Amino acid sequence: MNKLTHLLFGCSLGILSACASATGTVTLDNGHYTEPQRIDNLLTLSQLVTHPALPKNIWWAGAVIANQAATEKAEQDKHRILTRLAACKVDASPKQAVMLQSVIDQLKNIKVTGRLFTPLDPDAVRSLSGADVALEGEYQLYTRLQPETVLLMGALSAPGPVKWQPATSASHYLDSQERLSGADLSMATIIYPDGKTTAVPVAYWNDLHREAVPGSIIWVGFTPCADNEAGKLLQDDIVSLLTRRVPD
């Protein structure tokens, strides 16, 4: 756990005694509550993830905790990415402009949050050094049931959820998809539910078996605007944004 993560969570464990009066309030979102559910007066993350008010059998691998400051940044990042994609369309060919508009529409339709990248599984929070961070201020905890799908996104003919299949490589999910004009034909990125990512070769000549777990995103990037440093950064920024997506 780095210093930035500790700062985002508030008081570090090392100075907890100096700010014992500071507590966290967490709003729960499981996708079904009709009214906001809150847990107040939390000192540490372990108190949250073991709290009896939480739903049973939480899929912790896909749970997301966020705070407002980081959420505002995520929303700003999304706006900047959409602006850059719109600018990229200006010099694109007609077919590539269609592809870029599809990417824009996909990103517009996702909700992002200020995800704090820290373990949430109760066993990990209790056992990993530095994982039981202090809570101070307002947070949101998003929990969902484990899905049975993988989400395909990017420069594809039919982006959307597809049924997850065990022992199946990322490239297999893309076999039934037509790549749109300007799509990256050789690489894709798997974004796992916990926010970790891996780039994986998916072309017939470089295919590498990498499996996507349920709830993963398989992102197919594009080549327009990617031939310079700013364009490559745009691709990285999109992947980063997808790690902060609110789960369905």
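Sorted largest first, the spans of the alpha carbon positions of the chain along the three principal axes are 59, 38, 36 Å. Think of the chain as having a plus end and a minus end, set by charges on the Cβ of Lys, Arg, Asp and Glu; of THR243, PRO119, GLN76, GLN76 sits farthest toward the positive end of this dipole.
Could you work out how much longer the chain between SER186 and TYR204 gets when fully extended? Use 0.36 nm per residue separation minus the Cα distance between them, nm to one decimal. If you can, show how the numbers build up before the last one.
On the way: separation 18, 0.36 × 18 = 6.48 nm, distance 0.82 nm.
Working it through step by step, the gained length comes to 5.7 nm.
Among beta bridges identified by DSSP and lying wholly in the chain, the antiparallel ones come to about 70 percent. Couplings for the range 66-79, taken from phi via the Karplus curve 6.51 cos²θ - 1.76 cosθ + 1.60 with θ = phi - 60°, read 9, 10, 5, 4, 5, 5, 4, 5, 4, 5, 5, 4, 4, 4 Hz in order; Gly and Pro are left as x.
Let me know the charge dipole size of the range 28-165 about its Cα centre in debye, to the nearest 20, where only the beta-carbon of Lys, Arg (+1) and Asp, Glu (-1) is charged. Walk me through the numbers on the way to the answer.
On the way: 14 positive and 14 negative charges, 120 e Å.
It comes to approximately 580 debye.
Each Cα pair under 8 Å and six or more residues apart adds its sequence gap; the mean of these over the residue count of the range 50-158 is a relative contact order of 46 percent.
Helix 229-242 and the longest principal axis of the Cα set of the chain meet at an angle near 50°.
May I ask you to derive the relative contact order of the chain, considering only C-alpha pairs under 8 Å and at least 6 residues apart, and to give it as an integer percent?
Working: 463 pairs, mean separation 60.5, N = 248.
With pairs under 8 Å counted, the relative contact order is 24 percent.
Express the C-alpha Rg of the range 18-145 as a ratio against the empirical globular expectation 2.2 N^0.38 Å, rounded to two decimals.
Values: Rg = 18.6 Å, N = 128, 2.2 N^0.38 = 13.9 Å.
Cα Rg divided by the expected 2.2 N^0.38 Å: 1.34.
Evaluating 6.51 cos²θ - 1.76 cosθ + 1.60 at θ = phi - 60° for every residue in the range 45-56, the Karplus couplings come out as 5, 4, 5, 5, 6, 10, 5, x, 6, 6, x, 7 Hz, glycine and proline recorded as x. P(r) tail, the range 96-226: Cα-Cα pairs separated by more than 24 Å, 38% of all pairs. Charged neighbours of LYS95, selected by a Cβ distance under 13 Å, balance to +1 (K, R count +1; D, E count -1).
Kindly put ARG38, ARG210, ARG245 in sequence by how many other C-beta atoms sit within 10 Å of each C-beta, fewest to most.
Values: ARG38 11, ARG210 16, ARG245 22.
Lowest to highest Cβ neighbour count: ARG38, ARG210, ARG245.
Pairs of Lys residues in the chain that lie 8 or more places apart, or on two chains, and have C-alpha atoms under 21 angstrom apart add up to 19.
Here, each number is a calculation from the coordinates, and none is a lab measurement. Because the structure is predicted, anything quoted here is derived from the model rather than measured. Every residue, glycine as well, gets a Cβ built from its backbone with ideal geometry; the counts of neighbours run over all protein chains shown.
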